[in-house]
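What follows is a short report on a single structure.
The values are calculated or read from the model by the stated rules, or taken from the named source; none is laboratory data. This is a predicted model, so every value here is computed, not measured. For neighbour counting, all protein chains shown are included, and Cβ atoms are generated from backbone atoms with ideal geometry for every residue, glycine included.
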């Protein structure tokens, strides 16, 4: 057995050094280090296709650049409509703001400010989104499925996550796209009699094919939700993932997918029995900057 | 100020009596009672349209009858593909089983058993699902959107949640339907060259219209996720909800929608500033039987 | 494998019936049922000595009667100074009140109201406590240890938890008694030059002897904390507990005792390897009324 | 309003830089940054006396050096018996080990290994503790209260947390000292007829006097529990704390002290209404290395 070594913080200490020291600690700190090491292996394994699933509203939380960095190594990206809408909001020139969760919500409502925990957004962004879709509506006519539709938004928006996925041809999946501000924009056009036809199932073949044909598979789950579950089910027909890291604040006992430990996936064949995987129970806005700090120093 | 009264449990005490007593307690118990009272008001308010959002995998947890009961008063039902797939699995004669979360997942995999926390399912159910969709594929050809597609499954399955929604014409929405066993079945057919065209956005108009035209709106959120968020966004163009109960084990600090307190919705205009609402932080499989016990005694 | 049966709530349904049905469900509901069944076994096993540990501030939450009922079968009671202080506050005629966690704390402070989440208490209770200890100070002179000191308070207070422990001669342990309103009262007297000498370690022998000499041991942990840990360590020299239920909202991953699953105790020898035990992740003010409802119907 | 800025992780990035960037993010990341800034202010405010409360079993988690660093600025230290016992175990030459929470507890028990989540400890350490107390028993005869007793252990152990408190004359309080391995060692001697008399209340005067006489007060709560509560109650007779940071994974809704937000202390007068304070919901083994990384760069 290897002894626990107490982390010693020094002036000017690098995040990567902290993560390395965490590997000799216990509890959650060690999980951070294990996740960093598994991510490094996944990153360096040329045979491994990386499936990145990002739930929640990571973009308003200030995590866009981290997602962009992770996309450098992702062959598949699955996320929520919320993340994509907030990405688009910034791509068209709007911002999110430092807010306060103790603020009076009634007052915020009067001032036209929407609150996302301790982040604020001006409600007026929806008018800008309207303009974007109104102006570009014709461009979406040719899109058959959600992935094509999202790449098209990326092509038109010219920056951010959607743009990078389009530019680098990273397949991006968002099964619940209707459940988002982007969905609302499409509804607004449809309600106005403007047609479009995006098939709900058509792009499933792509993600399942990638899972099926990959030599090895690695999964990164930020926050669970639909993104995790959609990747998990695409793995059910493969031989299972070889690497996995999951960062969530949910727990197993409620029975939901978001809190289910990766180990549970072994019973389903979604995770290989001898895979390298770890569950990190932590707010991703805290855990990921640390883990990425380590990764940048190593690759 | 009203004094706290200590609950006194008696032999043969009814669940409804316990919930009533909880109204004089503190902490989580009081939240259960507040939720029950708000649900009763919502139930009895003839002007109120009820939006029921159920995330997670409540059906394997043994919550199907409770969902069926809640559907008696729901004008809108939004749920995950997981709940619908597990409902269909039971409708076609298969079961979920008492399991154990400490079981060896590698062994379960060898025996063809999929684990959902402390619930087991035989992997062979997927073959039965295949048969169902193979046999009925033609019936889905006319379905334009997800709601129509789900009602059709309900019509064909003949029992359970999907059937009740079909039979009672309760609009059922599942934006992320592709992310489910049902999605996999459609993929299987599409991969075999069998066509279908389900539009991802087409049924948004229905839910937004109901929200828009209702005199009053009540929301019931079990577990957050896409179901909560999809209802929330449909309310953004209404005057906001008048009643709300949310049962989840998530917390606000992670910034996600599932853990966001209903109060946050006031800033967005999704919840009226003077609405009756309460957040219950509890496993829904524990909280809902209690709350429904109270409701059955009152209505 | 036994199939999951969906709970069906009926009008007038008893809490005990709900708990029984929960035994056929999954997720947290099943844990409630397992805890109830283990508690029933523990209760009926004549050879079993029951160690009840109650953390938190259960008395302000409205749980006094439930604790009193559990004390009918407990041979050892370990709790926090908070529970005992709030019990004494009520014994001397003061109350706790229905409050609101969203209230302005600055305003409450001005009005002399102390907040415990959604429960309020008038700050003036401390003056009543002062009177009690001032009047009775001489009576404590003979107390050597914390258990004797607490029984003496019980004898003098004439009602509530402390009184019942005194009256029924249930050994009551509170290692951190200094950390409480009662502690503050003693400090007030000591600061005024009034002597007392309560030994911090003297009553450990009693609890360890009970653990050592019992034929069988059952543990009930509400909320973890010092009460759990103090019982756990007293078991370290016994053959370990035969029965155990733990109700807490903490989780294992932080590494703390409160969230550690009972299984971890097997490594320490505090829990027998073949013991009947279950961890319930739930607010105790919700879980215990249900479990006790079942128990009252069975014994 | 200030816009959210997305954190950009660079190769060789310092922990302090990450924390600084987190101040422009949302969700938990911003809380880390706010805690770091408040800690820096507290640290630099010459008028402020710092009360450090550390619950849980931070020493087995690898946090000893961090606690030692924080003690450089603490005027008062309150902790659990667990932390002090594990500190003493290392001071007398024993270790904690890298473990695995999925290990078979029955097997560990057979091999004499005690598990603390993912940390292991050899059960044989208790024999070494026995030797230490047997050899030094006489030295404790003069100790009247828990603080004196703990300083004496520190003097004899010659290294670690207890030693530093003794050496630097930092008052160390541990109200529940009986609830720990150290408590068991005292019990063992008492059971053998060897006397000692440590008063349970005697050292309360010291902590309350420090709180009372300080110009300003700052509190650092790691994990809640008795350490938090004992500091909180010592502040009740002061004008309240001017600075506060709390790092815990507990939440408010259960009603316990560990999860109560610092704001609640305003109602009690334990926290000044205009104090600088923040609640960080995170595993302390992850949050504190980051925060200390920032602090070391700033002071």
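For segment C:89-102, check the following and say yes or no: at least one residue is crowded, with 24+ Cβ neighbours inside 10 Å, part of a strand (DSSP E or B) and in contact with a strand residue (DSSP E or B) (Cβ under 7 Å, 6 or more places away or on another chain).
Within segment C:89-102, none of the residues are crowded, with 24+ Cβ neighbours inside 10 Å, part of a strand (DSSP E or B) and in contact with a strand residue (DSSP E or B) (Cβ under 7 Å, 6 or more places away or on another chain).
Give segment C:133-142 a look and list any residue that's touching a helix residue (DSSP H, G or I) at 6+ places or on another chain (Cβ under 9 Å), surrounded by fewer than 19 Cβ atoms within 10 Å (Cβ to Cβ) and in contact (Cβ under 8 Å) with a residue 40 or more places away in the chain, or say none.
Within segment C:133-142, C:134, C:137 meet the criteria.
Looking only at helices (runs of 4 or more DSSP H) that fall completely inside segment B:172-284, which ones have 2 or more residues that are within 30 Å of residue A:209 (Cα to Cα) and modelled with pLDDT under 95?
Correct list: B:181-191.
Take segment D:104-118 and flag every residue that is within 8 Å of another protein chain (Cβ to nearest Cβ) and surrounded by fewer than 18 Cβ atoms within 10 Å (Cβ to Cβ).
Passing the criteria: only D:106.
Is there any pair with a first residue in segment A:193-210 that is facing chain B (nearest Cβ under 8 Å) and a second that is surrounded by fewer than 23 Cβ atoms within 10 Å (Cβ to Cβ) and assigned to a loop (DSSP other than H, G, I, E, B) whose Cβ atoms are under 7 Å apart and which are 6 or more apart or on different chains, and what are they?
Note: pairs meeting the criteria are A:198/A:143; A:199/A:144; A:199/B:197; A:202/A:144; A:208/A:237.
Within segment D:265-286, take every residue that is within 21 Å of the chain's Cα centre (by Cα), within 7 Å of another protein chain (Cβ to nearest Cβ) and in contact (Cβ under 8 Å) with a residue 12 or more places away in the chain and give me the one that is nearest to residue C:104 (Cα to Cα).
My answer is D:281.
Residue check, residue C:202 against (1) buried (at least 21 other Cβ atoms within 10 Å of the Cβ); (2) within 29 Å of residue D:260 (Cα to Cα), all met but one. Which one?
Unmet condition: (2).
Taking segment D:242-256 as the region of interest, how many residues are free of Cβ contacts under 8 Å to residues at least 40 places away in the same chain and either more than 14 Å from chain B (Cβ to nearest Cβ) or within 22 Å of residue A:283 (Cβ to Cβ) (or both)?
Here the count works out to 9.
Filter segment D:20-57 for residues that are buried (at least 23 other Cβ atoms within 10 Å of the Cβ), facing chain A (nearest Cβ under 9 Å) and at pLDDT 95 or above and give the result.
D:22, D:25, D:26, D:27, D:28, D:29, D:30, D:31, D:32
Would you pick out the residues in segment C:52-88 that are part of a strand (DSSP E or B) and either at positive phi or within 10 Å of the chain's Cα centre (by Cα) (or both)?
C:52, C:53, C:54, C:77, C:78, C:79
Quickly run through segment C:287-299 and pick out the residues that are touching a strand residue (DSSP E or B) at 6+ places or on another chain (Cβ under 9 Å) and either surrounded by fewer than 24 Cβ atoms within 10 Å (Cβ to Cβ) or free of Cβ contacts under 8 Å to residues at least 60 places away in the same chain (or both).
Result: C:297, single match.
Residue A:209: under 26 Å from residue B:199 (Cα atoms), surrounded by fewer than 24 Cβ atoms within 10 Å (Cβ to Cβ) and under 22 Å from the mean Cα position of the chain (by Cα), yes or no?
So residue A:209 fits the description; yes.
State yes or no: is residue D:151 touching a helix residue (DSSP H, G or I) at 6+ places or on another chain (Cβ under 6 Å), without any contact (Cβ under 8 Å) to a residue 60 or more places away in the chain and in a helix (DSSP H, G or I)?
Considered against the rule, which asks whether it is touching a helix residue (DSSP H, G or I) at 6+ places or on another chain (Cβ under 6 Å), without any contact (Cβ under 8 Å) to a residue 60 or more places away in the chain and in a helix (DSSP H, G or I), residue D:151 comes out as yes.
Can you name the residue in segment A:1-19 that is in a helix (DSSP H, G or I) and within 7 Å of another protein chain (Cβ to nearest Cβ) and is also nearest to the chain's Cα centre (by Cα) among such residues?
It comes out as A:15.
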